[in-house]
Amino acid sequence: MSIFDPKIVAFCCEQSGVPAAEMAKTLKLKMPDNLELVPVPCSGRIETLYLLKALESGADGVVVFACYEENCRYLQGNIRLKGRVGYAKQIMAKIGLESERLEIFHVATNSGVKFTEILMQKVDQLRQLGPNPAK
Amino acid sequence: MIKAEQKPFEEILEYLAPYGKILLSGCGACVTVCNAGGEKDGALLASALRMARRKMGKPIEILESTPARQCEPEFAQELTDTIGKVEAVLSVSCGVGVQTLARYFPATQIFPGVNTTFMGETVAHGVWEERCQACGNCILEKTAGICPIARCAKQLLNGPCGGSSKGKCEIKRETDCAWQLIYDRSKSLGQLHRLSAIIPAKQWGVESRDSGPRSIVREDLKV
């Protein structure tokens, strides 16, 4: 029996998540096999709909790599993201989807190791949850 | 503008249960401004409904369209072709838009996706408050631009009741007393003397909804 390989969509802020992903790649760190990276100019660019659409379109889990709070280049992008992720989680609860399928992680440009650790932990967590029943 | 809130998700799921293909029709006017039924909010609801139905093992196809103003016949009629392809319509416009669709598409079931709540103002991003009850005879010129009909729990016309305390209403302690607001604004405008004029009782049975649904007819505009 093949092991469930969860699909993860990772939105990455170009000020933090993207450089962290590039560092992880440079260091040749282990990354999930079924990963789709979506670079965004700022995590505040991510609308609630993007998060739901990712789940609707086949993701088993969605993560957002954003800058630390009070460290947003555009001042409040990551704060706006927090509100939108909260709203998406409310909608997911109504659908009956587990909250763990959507999560924000704050990283810095040099967080290559943390970046991969988070993703590999997310793979384990999603394996326990099983496939997204709403995709 | 008209303010609305999305209906409980379970309620919407329940009345869409018999259908396999629907149109989710938003409105580009009032409900867009209050983030209840515009293009974005409609898309969010459609996505959530599709996922919920897949999870239930009863997938649903949802077409999406957002006319500029669903309550205007020329915009509502733009939906004619799309409505011909679906079994039912979920309208996330206000109750007026729902009824416009019901009038123009008599053979199609039209369901409301929002509860139309009040006519109000955006007081902060994401916060809306009631400001007008369409009473039919505006008295704002007598009350410093603050409406006691919409904003006083008792709709008092000539000053506050005994329940006004420290500028707040006894019905809801977090709500400002409308008559405190009227007094404060009149004072700051140097117009306190206006408040000594008695405002006569409103003719509810003549001017307002109490006499049944109202209409406005402009003969010069009829074609």
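The values are calculated or read from the model by the stated rules, or taken from the named source; none is laboratory data. Quantities reported herein were computed from a predicted structural model and do not represent experimental measurements. Using ideal geometry, Cβ is built from the backbone for each residue, glycine included, and neighbour counts are taken over all protein chains shown.
Restricting to the range B:165-194, name every residue that is within 28 Å of the chain's Cα centre (by Cα), of a type outside the set (D, E, K, R) and closer than 22 Å to B:Cys135 by Cβ.
Hits for the range B:165-194 are B:Cys169, B:Ile171, B:Thr175, B:Cys177, B:Ala178, B:Trp179, B:Gln180, B:Leu181, B:Ile182.
If A:Ser2 satisfies every condition in (1) modelled with pLDDT under 95; (2) surrounded by 15 or more Cβ atoms within 10 Å (Cβ to Cβ) but one, which is the exception?
(2)
Kindly indicate which of B:Ala144, B:Ala150 is under 11 Å from B:Leu181 (Cβ atoms) and either at pLDDT below 95 or not aromatic (Phe, Trp, Tyr) (or both).
B:Ala144
Taking the criterion of being more than 19 Å from the chain's Cα centre (by Cα), surrounded by 15 or more Cβ atoms within 10 Å (Cβ to Cβ) and not aromatic (Phe, Trp, Tyr), would at least one residue in the range B:114-133 satisfy it?
no
Within the range B:70-110, track down each residue that is surrounded by 18 or more Cβ atoms within 10 Å (Cβ to Cβ) and within 13 Å of B:Gly37 (Cβ to Cβ).
The answer is B:Gln70, B:Cys71, B:Val89, B:Leu90, B:Ser91, B:Val92, B:Ser93, B:Cys94, B:Gly97, B:Val98, B:Leu101.
Among the residues in the range B:39-50, are any over 25 Å from A:Pro133 (Cβ atoms) and out of contact with any helix residue (DSSP H, G or I) (no Cβ under 9 Å at 6 or more places or on another chain)?
Within the range B:39-50 (the criterion being over 25 Å from A:Pro133 (Cβ atoms) and out of contact with any helix residue (DSSP H, G or I) (no Cβ under 9 Å at 6 or more places or on another chain)), the answer is no, since none of the residues qualifies.
Mind listing just one residue for me: the one in the range A:79-94 that is within 11 Å of A:Leu52 (Cα to Cα) and touching a residue at least 24 places away in the same chain (Cβ under 8 Å) and, of those, surrounded by the fewest Cβ atoms within 10 Å (Cβ to Cβ)?
Step by step, filter the range A:79-94, then rank; the result is A:Tyr87.
State which residue is nearest to A:Leu126 (Cα to Cα) when the search covers only the range A:7-20 and only residues that are of a type outside the set (Asp, Glu) and touching a strand residue (DSSP E or B) at 6+ places or on another chain (Cβ under 6 Å).
For the range A:7-20, the residue satisfying everything is A:Ile8.
Just wondering, is there one or more residues in the range B:161-172 that are surrounded by 17 or more Cβ atoms within 10 Å (Cβ to Cβ), in a loop (DSSP other than H, G, I, E, B), at pLDDT below 95 and of a type in the set (D, E, K, R)?
No, the range B:161-172 has no match at all.
Is it the case that the range B:32-55 has a residue that's free of Cβ contacts under 8 Å to residues at least 40 places away in the same chain, over 19 Å from the mean Cα position of the chain (by Cα), closer than 28 Å to A:Lys89 by Cβ and surrounded by fewer than 18 Cβ atoms within 10 Å (Cβ to Cβ)?
yes
Might you let me know whether the range A:111-125 holds any residue that is of a type in the set (Asp, Glu), within 14 Å of another protein chain (Cβ to nearest Cβ) and out of contact with any Cys (no Cβ under 6 Å at 6 or more places or on another chain)?
Taking every residue of the range A:111-125 in turn, none turns out to be of a type in the set (Asp, Glu), within 14 Å of another protein chain (Cβ to nearest Cβ) and out of contact with any Cys (no Cβ under 6 Å at 6 or more places or on another chain).
Only one of B:Ile198, B:Ile216 is without any contact (Cβ under 8 Å) to a residue 60 or more places away in the chain and within 24 Å of the chain's Cα centre (by Cα); which?
Answer to the check: B:Ile216.
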